[in-house]
Amino acid sequence: MADNVKPRVKVPSKASAGEVVTIKTLISHPMESGQRKDKDGNIIPRSIINRFTCDFNGQNVIDVTLEPAISTNPYFEFEARVDQSGEFKFTWYDDDGSVYEETKSIEIA
Amino acid sequence: MKIRTLAGSVALVALTGMATWADPAEDKLVINGEIEMITHTEKAPDYIEGLSEQYSGWHFRDADTRDMERDDFDNPGMLAVDAAKEVWNTADGTEGKSCASCHGEPESLRGVRAVMPKFNEAKGEMYTLEMYINDCRTERMGAEAWGWNDADMVNMTALISYVSRGIPMNVAIDGPAAPYWEKGKEMYYTRYGQLELSCANCHEDNYGNYIRADHLSQGQINGFPTYRLKNARLNSIHSRFKGCIRDTRAETFKEGSPEFIALEVYVASRGNGLSVEGPSVRN
């Protein structure tokens, strides 16, 4: 597991029914591309987050494939329409098999 | 294509009312919708002869980059602040102490960054924030000193800046600081390297202009440590000095050298009155 991987998510806690809310996510991760070499000329193995998904009450909102050219600490900002109260579930998949998860609930006010 | 670009730029100038492309952007920085930052003053301190007004480097960056600093969630420098908060509470060294053992919460150091560098009476020399941190580590904690550009060190300076955000820089230049300030000033106006450039040539005579693709700022350091998009990490003041001097094609001084400490005193004083902004976001 890469060091110091920490997901962060910003979702409004309340919304009106049918409102489109902005969601921001960031995960600290080195996103080593696999193209670089160390001091001795050996290739530093690729180690990236390769997939990011967001689900709302079990329904997929976004599903992203990440490629090695994406820089360190990948940040995603996207919008979702909220029709009912529920829970956003965010999942990041690491090359090394680790899966990082975060959830945020939102209420219809 | 060229005509379209031109039309676009004319439209943008008309919209924002900017006099030219090169001027610092007219904009106001409020972080998280609550911390109002002083990023522009109408009048620089009298002892800064070459500047009529002061601008934080924030004004010279693109709108997208400026926006990243408005919200801590969007500011990648905050990752370093979070990391430093953990280190703050972690005991290290033979004394079994952490930063928190003596200082409590990081907020207890509010205001410290604004007066750095500061003459250390007990040691009889000019001290930067990095030197104070290392004194704590070696003398109070019995821990090993951090390197000037170690991630832990830069992160800790970010945390200590973070708790002072919004406070105007107020570095003392008189009394025991005066000789350092004079030396730093002399350096600021000395041409270095094969390109024979002084700090002033770019950051005083030509701020707002472009040097090739780079929009020259006033070289203010109130926003340090700075998260640079180009290297995707936090950068210390001295590593930025080093980069500038290298760009003049000169042999540079080292981080923590007496030359850079003196230069830091002088350059920091040029920003007296601007808010502490670190960790800021730049390109």
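The values are calculated or read from the model by the stated rules, or taken from the named source; none is laboratory data. Predicted model only: the values in this text are computed from it and were never measured. Positions of Cβ are generated from backbone atoms using ideal geometry, with glycine treated the same way; all protein chains shown enter the neighbour counts.
Scanning the range B:172-227 for residues that are of a type in the set (Val, Ile, Thr) and within 19 Å of B:Ser269 (Cβ to Cβ), we see that the one that is surrounded by the most Cβ atoms within 10 Å (Cβ to Cβ) is B:Ile221. If you filter the range A:13-31 down to residues that are within 12 Å of chain B (Cβ to nearest Cβ) and not hydroxyl-bearing (Ser, Thr, Tyr), you find that the one that is surrounded by the fewest Cβ atoms within 10 Å (Cβ to Cβ) is A:Lys24. Within the range A:54-77, being among the hydrophobic types (A, V, I, L, M, F, W, C) and under 19 Å from A:Lys14 (Cβ atoms) holds for A:Cys54, A:Phe56, A:Val61. Might you check whether a residue that is closer than 27 Å to B:Val163 by Cβ and more than 14 Å from every other protein chain (Cβ to nearest Cβ) occurs anywhere in the range B:205-214? Checked against the condition, which is being closer than 27 Å to B:Val163 by Cβ and more than 14 Å from every other protein chain (Cβ to nearest Cβ), the range B:205-214 yields no hits at all.
Taking the condition of being over 18 Å from B:Ser161 (Cβ atoms) and at pLDDT below 90, how many residues in the range B:24-42 meet it? Counting residues in the range B:24-42 that are over 18 Å from B:Ser161 (Cβ atoms) and at pLDDT below 90 gives 6.
The one condition from (1) over 21 Å from B:Leu229 (Cβ atoms); (2) out of contact with any strand residue (DSSP E or B) (no Cβ under 6 Å at 6 or more places or on another chain); (3) without any contact (Cβ under 8 Å) to a residue 60 or more places away in the chain; (4) among the polar types (S, T, N, Q) that A:Ser16 does not meet is (3).
In summary, strands (runs of 3 or more DSSP E) completely within the range A:40-109 and bearing 3 or more residues that are away from chain B (no Cβ under 14 Å) and touching a residue at least 60 places away in the same chain (Cβ under 8 Å) occur at A:75-82, A:86-94, A:99-108. Every condition in (1) within 14 Å of chain B (Cβ to nearest Cβ); (2) more than 30 Å from A:Ile106 (Cβ to Cβ); (3) in contact with a Pro (Cβ under 7 Å, 6 or more places away or on another chain) is met by A:Gly34 except one, and the failing one is (1).
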